[in-house]
Structures are given as structure tokens and as C-alpha cells.
Amino acid sequence: MNKIIQINLAGQAVSIDEKAYQSLSTYLQTLENHFSNTQDGAEILADIEARIAELFFGKIKKGNAFINETDVYEAIALMGTPEDMGIEDDPSESSTKRSAHKSTDKKLYRDTDDRVLGGVCSGLAAYFNFDTSIMRIIAVLLILFTGVPLIAYFVLWAILPEATTPEDRSRMFGGNTTVNDIVNNVRKEATDVANSVKSEATQIAERLKKKTKHLRTEEKT
């Protein structure tokens, strides 16, 4: 039997067997080799670790005493690698691929983290990309004015699975968070911050220019 060890993953203590740890270490080292010398590499790697930790704690929440090699392989299959995910330098191209991937993975669940009764409306809202409040209003209007029986809600409550794991919640919103997703999200955030700083600097420069022009006009008069 493999020895069970404690490791620190994204600031969290995780129990994992030695063989699984070797597989995880190899995977993370591959990612580190790929991203360590790239822009925002440290943030990308930290987000990847956090996502893997989330997947592992989903397993532990379901009753696993520790993380085994199968759990690691499942996490790698969900996350992908730089090679099989085809990490692109063009965020727009990767985003297109990601959107196509998500559309095929989407599944209807009950969202019990955002529920009034059984999480049916919030699950439908996630699936159809609606605001949860709007979906609840639509449900009430359907029941009151179109003759849709309330029993329909309870039927959906009975037949729809509950989103209990990180994988479930990812599929509920349209796909798993992969290495590619994390890279694009980090790059987008960095670009947004840079554009915001640039815009603010331009506005300040314009205000200073106008103020200087106004002061010169006053001096002449």
C-alpha cells in the first residue's frame, strides 16, 4: 500500500498517496516549465494549483479519505496540458475554441448553492444564461398566468441532479475550467488593468493640459 503524505496545494493541506503525488508533481513541473518564463506565468500557475485543489476537495467532500492516482488522472484530464490543449498566443482564437468546448459540455443541474426551494430556477438560469432573479419571476408568471402546474417544479426537483462537485458546477455553467481558460482569464485581466491605467493616465494628462492652457490664458489677460 502506498504511503499517505500531506502536501500543501494552493495554501491548503491535502492528503495524497505517494504514487499520486509523483504523478501530480510531474504534471505541475511540466506546466511550470511551460509558463515560468511567460508573462503572468506565476499568476497562471497559482490559479492552476487553486483549480486542482478545488477538484481534489470536491473528491474529499464526496468521501475520499485521500487523493489517489485515479483522482490525479481525472484532474489532469479535466485541466488539460499545454500540449493537448494547444495553448495559443492569440487569446481570441483560444477563446473561440473554449466557447465551442463549453457548449458541448453544458448540463442541466439544480444549483443548491443559490436556492429558494430546490435550486431548480437557479439551475435553469445557469443553463440558459439568464439572471436567476429573472428566471424565478418567469417561473412565477408561468404558474400564475399560463396554467403551468406547480407540480412541474417538483418534478424537475426530483429528476434533475444536484451540482455537488466542482466538475458539476463547471458543467452547469458550460464547461470545465481548463489550463487554457486560466491562461486566457489571467491575460484578459492583465490587459484590462493595463488599458484602465492607460485610460486614466490619458485623462489626467488631458486635464493637466487644459488646466495649463487655462492658466496661460489668464496670465496673458
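The values are calculated or read from the model by the stated rules, or taken from the named source; none is laboratory data. Quantities reported herein were computed from a predicted structural model and do not represent experimental measurements. Methodologically, a virtual Cβ is constructed for each residue, glycine included, from the backbone with ideal geometry; neighbour enumeration extends over all protein chains shown.
Each row is one residue, and each column tells you yes or no for (1) touching a strand residue (DSSP E or B) at 6+ places or on another chain (Cβ under 7 Å); (2) buried (at least 16 other Cβ atoms within 10 Å of the Cβ).
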site: Ile4; (1), (2): yes, no
site: Asn8; (1), (2): no, no
site: Gly11; (1), (2): no, no
site: Ala20; (1), (2): yes, yes
site: Thr26; (1), (2): no, no
site: Gln29; (1), (2): no, no
site: Asn37; (1), (2): no, no
site: Gly41; (1), (2): no, yes
Within the stretch 22-72, residues closer than 16 Å to Asn8 by Cβ and assigned to a loop (DSSP other than H, G, I, E, B) come out as Phe66
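Okay, residues lined up against (1) loosely packed, with under 12 Cβ neighbours inside 10 Å; (2) over 30 Å from Phe35 (Cβ atoms); (3) at pLDDT 80 or above:
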position	(1), (2), (3)
Asp114	no, yes, no
Leu156	no, yes, yes
Glu162	no, yes, yes
Asn176	no, no, no
